[in-house]
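Taking it in order: structure first as C-alpha coordinates, then the write-up.
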Amino acid sequence: MSAAAEIAATAARLVVEDGMEYAAAKRKAAHELGRRGGRGAELPSNEEVEDEVRAYLDLFCADTQPAELRALRETARLWMRRLAEFRPHLAGSVWRGTATRRSAVLIDLYCDDSKAAEIALINAGVDYDSASIDRPRSGETLVLIVGERSAALGEIVTLQLVVNEHDAVRGALKPDARGRSWRGDLAALERLLAEDV
(Lines give C-alpha, C1' and ligand atoms only; values in the text may rest on other atoms or scores of the structure.)
Protein backbone atom coordinates (compact mmCIF):
# COMPACT_ATOMS: atom_id res chain seq x y z
CA MET A 1 0.00 0.00 0.00
CA SER A 2 1.39 3.41 -0.95
CA ALA A 3 1.90 6.13 1.66
CA ALA A 4 -0.96 8.18 0.17
CA ALA A 5 -3.33 5.18 0.21
CA GLU A 6 -2.41 4.42 3.83
CA ILE A 7 -3.04 8.05 4.83
CA ALA A 8 -6.36 8.06 2.92
CA ALA A 9 -7.57 4.93 4.74
CA THR A 10 -6.61 6.30 8.15
CA ALA A 11 -8.09 9.72 7.33
CA ALA A 12 -11.36 8.03 6.29
CA ARG A 13 -11.67 6.46 9.73
CA LEU A 14 -11.12 9.88 11.35
CA VAL A 15 -13.72 11.49 9.06
CA VAL A 16 -16.38 8.89 9.87
CA GLU A 17 -15.68 8.24 13.55
CA ASP A 18 -14.72 11.76 14.65
CA GLY A 19 -16.53 13.92 12.09
CA MET A 20 -13.30 15.57 10.97
CA GLU A 21 -12.98 17.54 7.75
CA TYR A 22 -10.76 16.04 5.07
CA ALA A 23 -7.80 18.43 5.35
CA ALA A 24 -7.50 18.02 9.12
CA ALA A 25 -8.04 14.26 8.87
CA LYS A 26 -5.26 13.91 6.29
CA ARG A 27 -2.81 15.86 8.45
CA LYS A 28 -3.70 13.89 11.58
CA ALA A 29 -3.52 10.57 9.70
CA ALA A 30 -0.10 11.47 8.31
CA HIS A 31 1.08 12.36 11.81
CA GLU A 32 -0.33 9.14 13.31
CA LEU A 33 1.43 7.11 10.64
CA GLY A 34 4.70 9.00 11.00
CA ARG A 35 4.45 10.34 7.45
CA ARG A 36 5.14 13.81 6.14
CA GLY A 37 1.95 15.79 6.87
CA GLY A 38 2.62 19.02 5.01
CA ARG A 39 1.60 19.89 1.48
CA GLY A 40 3.86 17.16 0.13
CA ALA A 41 3.10 14.57 -2.50
CA GLU A 42 2.41 11.90 0.13
CA LEU A 43 -0.98 13.35 1.04
CA PRO A 44 -3.89 11.87 -0.90
CA SER A 45 -6.42 13.97 -2.79
CA ASN A 46 -9.84 14.67 -1.31
CA GLU A 47 -11.31 12.32 -3.90
CA GLU A 48 -9.04 9.49 -2.69
CA VAL A 49 -10.08 10.13 0.91
CA GLU A 50 -13.74 10.22 -0.14
CA ASP A 51 -13.36 6.84 -1.86
CA GLU A 52 -12.01 5.41 1.40
CA VAL A 53 -14.79 7.08 3.40
CA ARG A 54 -17.39 5.44 1.16
CA ALA A 55 -15.69 2.04 1.58
CA TYR A 56 -15.56 2.52 5.36
CA LEU A 57 -19.24 3.47 5.48
CA ASP A 58 -20.21 0.45 3.36
CA LEU A 59 -18.28 -1.85 5.67
CA PHE A 60 -19.09 -0.44 9.12
CA CYS A 61 -22.11 1.88 8.84
CA ALA A 62 -24.35 0.54 6.07
CA ASP A 63 -27.26 -0.02 8.46
CA THR A 64 -27.28 3.47 10.03
CA GLN A 65 -25.63 5.96 7.67
CA PRO A 66 -28.42 6.37 5.06
CA ALA A 67 -30.98 7.45 7.68
CA GLU A 68 -28.46 9.75 9.38
CA LEU A 69 -27.59 11.34 6.03
CA ARG A 70 -31.27 11.93 5.25
CA ALA A 71 -31.82 13.57 8.66
CA LEU A 72 -28.87 15.90 8.06
CA ARG A 73 -30.07 16.75 4.56
CA GLU A 74 -33.53 17.56 5.91
CA THR A 75 -31.94 19.87 8.48
CA ALA A 76 -29.95 21.49 5.68
CA ARG A 77 -33.11 21.97 3.61
CA LEU A 78 -34.85 23.71 6.53
CA TRP A 79 -31.97 26.15 6.95
CA MET A 80 -31.48 26.71 3.24
CA ARG A 81 -35.13 27.73 3.01
CA ARG A 82 -34.72 30.07 5.99
CA LEU A 83 -31.65 31.66 4.43
CA ALA A 84 -32.82 31.68 0.80
CA GLU A 85 -31.98 35.36 0.32
CA PHE A 86 -28.28 34.50 0.68
CA ARG A 87 -28.25 31.91 -2.15
CA PRO A 88 -27.31 28.98 0.11
CA HIS A 89 -25.41 26.01 -1.29
CA LEU A 90 -24.97 22.78 0.64
CA ALA A 91 -21.36 21.56 0.73
CA GLY A 92 -19.21 18.98 2.45
CA SER A 93 -20.12 15.43 3.38
CA VAL A 94 -23.85 16.12 3.66
CA TRP A 95 -23.90 17.21 0.02
CA ARG A 96 -21.54 14.46 -1.16
CA GLY A 97 -23.49 11.73 0.63
CA THR A 98 -20.83 10.57 3.09
CA ALA A 99 -22.11 12.25 6.26
CA THR A 100 -22.93 10.53 9.53
CA ARG A 101 -24.52 11.95 12.68
CA ARG A 102 -21.07 13.26 13.69
CA SER A 103 -20.80 15.44 10.58
CA ALA A 104 -21.48 19.15 10.58
CA VAL A 105 -23.85 20.55 7.97
CA LEU A 106 -21.84 22.99 5.82
CA ILE A 107 -23.85 25.66 4.02
CA ASP A 108 -22.15 28.32 1.91
CA LEU A 109 -23.93 31.68 1.86
CA TYR A 110 -23.26 34.36 -0.76
CA CYS A 111 -23.88 37.88 0.55
CA ASP A 112 -23.59 41.43 -0.76
CA ASP A 113 -22.73 42.50 2.79
CA SER A 114 -20.69 40.13 4.97
CA LYS A 115 -22.75 41.14 8.03
CA ALA A 116 -26.16 40.55 6.39
CA ALA A 117 -26.40 36.86 7.34
CA GLU A 118 -25.37 37.61 10.90
CA ILE A 119 -28.00 40.35 11.15
CA ALA A 120 -30.63 37.95 9.75
CA LEU A 121 -29.83 35.44 12.51
CA ILE A 122 -30.01 38.15 15.18
CA ASN A 123 -33.35 39.42 13.84
CA ALA A 124 -34.71 35.85 13.89
CA GLY A 125 -33.59 35.39 17.51
CA VAL A 126 -31.17 32.59 16.59
CA ASP A 127 -28.30 31.91 18.99
CA TYR A 128 -25.03 31.41 17.16
CA ASP A 129 -21.29 31.48 17.59
CA SER A 130 -18.86 32.87 15.08
CA ALA A 131 -15.46 31.72 13.94
CA SER A 132 -13.27 32.28 10.94
CA ILE A 133 -11.36 30.10 8.55
CA ASP A 134 -8.33 31.17 6.60
CA ARG A 135 -8.64 30.30 2.93
CA PRO A 136 -5.55 30.44 0.71
CA ARG A 137 -7.21 32.38 -2.12
CA SER A 138 -9.81 34.48 -0.33
CA GLY A 139 -8.28 35.13 3.08
CA GLU A 140 -10.23 35.07 6.32
CA THR A 141 -13.86 33.94 5.96
CA LEU A 142 -16.61 34.31 8.58
CA VAL A 143 -18.37 31.13 9.75
CA LEU A 144 -21.61 31.32 11.76
CA ILE A 145 -22.19 28.21 13.88
CA VAL A 146 -25.75 27.22 14.77
CA GLY A 147 -27.18 24.23 16.62
CA GLU A 148 -30.47 22.72 15.45
CA ARG A 149 -32.22 19.85 17.20
CA SER A 150 -32.93 16.93 14.88
CA ALA A 151 -35.92 14.85 15.98
CA ALA A 152 -34.82 12.06 13.64
CA LEU A 153 -31.37 11.85 15.24
CA GLY A 154 -32.48 12.75 18.76
CA GLU A 155 -29.63 15.23 19.15
CA ILE A 156 -28.33 18.65 18.19
CA VAL A 157 -26.92 19.00 14.69
CA THR A 158 -24.17 21.57 14.11
CA LEU A 159 -24.55 23.86 11.11
CA GLN A 160 -21.62 25.85 9.82
CA LEU A 161 -22.80 28.79 7.72
CA VAL A 162 -19.83 29.99 5.67
CA VAL A 163 -20.26 33.63 4.62
CA ASN A 164 -18.81 34.28 1.16
CA GLU A 165 -18.75 37.32 -1.09
CA HIS A 166 -21.75 37.58 -3.42
CA ASP A 167 -19.75 36.94 -6.60
CA ALA A 168 -17.89 33.91 -5.22
CA VAL A 169 -20.82 31.69 -6.24
CA ARG A 170 -19.45 31.64 -9.81
CA GLY A 171 -16.41 29.62 -8.79
CA ALA A 172 -18.25 27.61 -6.17
CA LEU A 173 -19.87 25.23 -8.61
CA LYS A 174 -16.68 24.00 -10.26
CA PRO A 175 -16.64 20.20 -10.33
CA ASP A 176 -14.04 17.93 -8.78
CA ALA A 177 -11.54 15.95 -10.84
CA ARG A 178 -14.25 13.39 -11.60
CA GLY A 179 -16.85 15.92 -12.76
CA ARG A 180 -18.98 15.87 -9.57
CA SER A 181 -20.03 19.11 -7.89
CA TRP A 182 -18.62 20.03 -4.48
CA ARG A 183 -21.89 21.80 -3.56
CA GLY A 184 -25.48 22.27 -4.64
CA ASP A 185 -28.30 24.76 -4.24
CA LEU A 186 -31.71 24.11 -2.67
CA ALA A 187 -33.22 22.76 -5.90
CA ALA A 188 -30.36 20.25 -6.21
CA LEU A 189 -30.82 19.19 -2.59
CA GLU A 190 -34.57 18.76 -3.13
CA ARG A 191 -33.78 16.42 -6.06
CA LEU A 192 -31.45 14.34 -3.85
CA LEU A 193 -34.11 14.04 -1.17
CA ALA A 194 -36.78 13.08 -3.71
CA GLU A 195 -34.52 10.36 -5.18
CA ASP A 196 -33.94 8.96 -1.70
CA VAL A 197 -37.60 8.38 -0.80
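A few comments on the model shown:
- Residue that is under 28 Å from ALA12 (Cα atoms) and modelled with pLDDT of 95 or more, where the choices are ILE133, ILE119, ILE156: ILE156
- Counted as qualifying within the stretch 109-166 are no strands (runs of 3 or more DSSP E), as none has 3 or more residues that are exposed (fewer than 13 other Cβ atoms within 10 Å of the Cβ), under 15 Å from the mean Cα position of the chain (by Cα) and not hydrophobic (A, V, I, L, M, F, W, C).
- Filter result for ASP185 (crowded, with 17+ Cβ neighbours inside 10 Å, in the same structural domain as ALA71 (by TED's automatic domain parsing), under 28 Å from ARG54 (Cα atoms) and charged (D, E, K, R)): yes
- Failed condition for LEU193, given (1) part of a helix (DSSP H, G or I); (2) over 18 Å from PRO66 (Cα atoms): (2)
The values are calculated or read from the model by the stated rules, or taken from the named source; none is laboratory data. Note that the structure is predicted; figures quoted are calculated from it, not measured. Cβ sites come from the backbone with ideal geometry, for glycine too, and all protein chains shown count toward neighbours.
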